[in-house]
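Everything on this sheet refers to the single structure shown next.
The values are calculated or read from the model by the stated rules, or taken from the named source; none is laboratory data. Bear in mind that the values here come from a model prediction, so they are computed numbers and not experimental data. Backbone-built Cβ (ideal geometry, glycine too); neighbour counts: all protein chains shown. Ligands, DNA and RNA are excluded from the accessible area calculation, which covers all protein heavy atoms including side chains. Shrake-Rupley method; radii C 1.70, N 1.55, O 1.52, S 1.80 Å.
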Amino acid sequence: MESHSPSNENLLRRHRAVLPPWVPLFYQNPLEIVEGRGRRVTDSDGNDYLDFYSGISTNILGYNVPELREALETQLRTGVVHTSTFYLIRAQIEVAERIAALSGIPDAMVFFTCSGSEAVETALLLATHYRQSQQIIALRYAYHGRTFGGLSSTGDRSWQSQGLSPLRVAFARSGERKHGGMEAFDDSQYVRACVEDLEELINTATPQGTAAMIVEPVQGIAGAIPPAPGQLAAYQEVCKQNDILMISDEVQTGWGRTGRYWGYQWYGIEPDILTFAKGVGNGLTMGGVVARKDIMSAYDAQSISSFGGNPLSTAAAHATLDYIDAHDLPARAGRTGALLLEGLRQELKDEPWVCEVRGMGLLQAVEYTHPGTTRPAPEMATDIQEHCRERGLLVGSGGTFHNCVRIMPPLTLDEQEAREGIAIIAEATRRARQG
């Protein structure tokens, strides 16, 4: 679509000189996004793109949203961007009240952080302190952030460089059943096998007093993998029988992305602790933890987050929540997501390299494997991402085996834009197949 500009080449050299080599960049010729409006962005070479990645699922309203800009400008005009958690922050209290009420957790309290990783770390801290146990159960294929405890609970070794951990973690089965000899199981058979596996795990591989089980309602980084129908409800029943807390990691699934306000609401579970981040600030730094008062209050040391819930971020959160409610974005994500999912499945059903098109709401992925096998084809996912860019569409790439195209547009995506994206992904897949 474009040649790599000299200014971008220089910027890339500077990036590589001062940023760690383990911070990846998309594309053979990485781009710099300099402008945005609606669901579209412009790079430093003047190329326009429809954004199906939204800053890793963060810009849920899209770009240049007047209501958000007005809220930020109003706060900036006060001259107060940051105070401290040692002072009362009106917007922080108001947003906490809203989130506590929305969470579905009874007698809820909220602690604000700066990221999803920090939110997960806080949730694990609260659970292990409350239960006085370092034992956690997580799911295979999970991703819970880059902090020490979050990585310890991550069931995807591509994000881990060593086995050191502040926790004892055992991994139960997720919704992924193509691997491990369970692809022939129907839903009820699979859930029964998973429950038996979890019970055996608790009885044999964990010490008494497991603190919590942490789950993603849809495993985003792994490639939009949902649980099997009934799986999480069955897991929570086992947890209740063994006095194990349930943590729902809603960093990627929260705020309506799956078609409901929280991903956990699809499954009939009742989390004791909930983590959030990403979309609530539409790009501004915001994360946090919701927990029952007895769990939150059990931590008996002092703690703060210097920047968590600061006046500017909470102003953004207020405006974002107002917009979500005014435009009923969860319902919109459900409708547009269904159109997108069905359209992709229809367009790609005869493509031999496409293993599965899956997801919920506007959290989706296309998985590519070698024809007739479940052997991952990461090279196909990379080629398709490049071809999509050439045609003016930004998508993510990832999955545990790096063989998925990840799709997470803003929740304000309209039907025409969804159809535009479907056509580009389908054409990119055909072109990649043809070499």
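For every residue, the table says whether it meets (1) within 16 Å of Arg257 (Cβ to Cβ); (2) outside any helix (DSSP H, G or I).
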residue: Glu196; (1), (2): no, no
residue: Leu201; (1), (2): no, no
residue: Thr206; (1), (2): no, yes
residue: Thr210; (1), (2): no, yes
residue: Pro217; (1), (2): yes, yes
residue: Ala222; (1), (2): yes, yes
residue: Ala228; (1), (2): no, yes
residue: Ala233; (1), (2): no, no
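Listed by first and then second residue, the pairs linking a residue in segment 172-193 that is over 23 Å from Asn403 (Cβ atoms) and open to solvent by 40 Å² or more (accessible area, probe 1.4 Å) to a residue that is in a loop (DSSP other than H, G, I, E, B) and of a type outside the set (Gly, Ala, Ser), with Cβ atoms under 8 Å apart and 6 or more places separating them unless they lie on different chains, are Asp187/Pro229. Pairs are defined by a Cβ separation below 9 Å, a sequence spacing of at least 6 or placement on different chains, a first member in segment 222-251 that is within 12 Å of Thr210 (Cβ to Cβ), and a second member that is open to solvent by less than 10 Å² (accessible area, probe 1.4 Å) and of a type in the set (Phe, Trp, Tyr); the pairs so defined are Met246/Tyr235. Is it the case that segment 26-36 has a residue that's within 19 Å of Val280 (Cβ to Cβ) and open to solvent by 30 Å² or more (accessible area, probe 1.4 Å)? Scanning segment 26-36, I find no residue that is within 19 Å of Val280 (Cβ to Cβ) and open to solvent by 30 Å² or more (accessible area, probe 1.4 Å), so the answer is no. Residues in segment 193-235 that are in contact with an Asp or Glu (Cβ under 7 Å, 6 or more places away or on another chain), under 21 Å from Glu183 (Cβ atoms) and of a type in the set (A, V, I, L, M): 3 in all.
Filtered by the rule that a residue be part of a loop (DSSP other than H, G, I, E, B), free of Cβ contacts under 8 Å to residues at least 60 places away in the same chain and over 18 Å from Pro226 (Cα atoms), segment 135-157 gives Arg146, Thr147. The residues on offer are Thr128, Thr83, and the sole one that is modelled with pLDDT of 95 or more, of a type in the set (Ser, Thr, Tyr) and either within 22 Å of Pro217 (Cα to Cα) or open to solvent by 20 Å² or more (accessible area, probe 1.4 Å) (or both) is Thr128. Within segment 296-310, identify whether any single residue is crowded, with 19+ Cβ neighbours inside 10 Å and under 21 Å from the mean Cα position of the chain (by Cα), and answer yes or no. So far as segment 296-310 goes, yes, one or more of its residues are crowded, with 19+ Cβ neighbours inside 10 Å and under 21 Å from the mean Cα position of the chain (by Cα). For the criterion of being open to solvent by 60 Å² or more (accessible area, probe 1.4 Å) and among the aliphatic types (A, V, I, L, M), Ala291 fails.
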